Amino acid sequence: MTTFIIRRIATIVPTLIFVSLLIFGLQQLLPGDPAMILAGEERDPTVIAHLRETMHLDKPFPVRYLYWVRGVLRGDLGESLRLQQPVRALIADKLPVTLELAWIAIIIALAIGIPAGVVSAVKRGTAWDYGANVVALWGLSTPNFWLGIMLILLFSVAAG
């Protein structure tokens, strides 16, 4: 069991490093200059230079990545450019609602999935089995963004 855990950790660490490099690199490729956006409409060169220095935008990519990793490991996720609030506080504000939605989704999935699986297993090869499989396949293949919009339309627009 200990060797299994050690192998898993040995696999997770390079994966996390690769994913963090990928995400940070893609973030750096986004168009626009954060310092110019934060400087406002006047775009004073001294303000832009100060913002670039403060946000480490004047440093090369590897140095910026190391600053970012160090902050993340300390729990400092930075500050939202749009809301000018710490990202950690924003996540903490939204986390209870997210967890509530996740638990409700799990309960609904279990309430539908377990009975459908039992019926499909007990009535194997019958119309019930095929019906449960069709509903399960439909649920898996429906895009979440489309289903979400349709449910919003159903429950807020049509029912309201």
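Only the coordinates and a few stated rules stand behind these numbers; no lab work does. No experiment lies behind these values; they were computed from the predicted model shown.
Rounded to the nearest whole Hz, the Karplus-based 3J(HN,Hα) values (6.51 cos²θ - 1.76 cosθ + 1.60, θ = phi - 60°) of the stretch 66-74 follow the sequence 5, 4, 5, 4, 4, x, 5, 5, 7, with x at glycine and proline. So what is the relative contact order for the chain, in percent, with contacts set as C-alpha pairs under 8 Å and at least six apart? So the answer I get is 8 percent. A P(r) calculated from all alpha carbon pairs of the stretch 2-91, with 5 Å bins opening at zero, reads 3, 11, 16, 22, 19, 12, 7, 4, 3, 2, 1, 0 percent. The C-alpha atoms of the chain define a longest principal axis, and helix 45-54 lies at about 60 degrees to it. Translational diffusion coefficient of the stretch 46-117 (Stokes-Einstein, Kirkwood radius from Cα pairs, 20 °C, 1.002 mPa s): 137 µm²/s. Taken over the chain, the ratio of Cα radius of gyration to 2.2 N^0.38 Å equals 1.60. Cα centroid separation, the stretch 1-51 to the stretch 87-160: 33 Å.
Taking the inverse of the average 1/r across all pairs of different Cα atoms in the stretch 97-158, what Kirkwood radius in Å do you get?
Radius from the Kirkwood sum: 13.3 Å.
Near GLU79, the amide H atoms lying under 5 Å from its own belong to VAL87; only residues 5 or more places off or on other chains count, and H is placed 1.01 Å from N.
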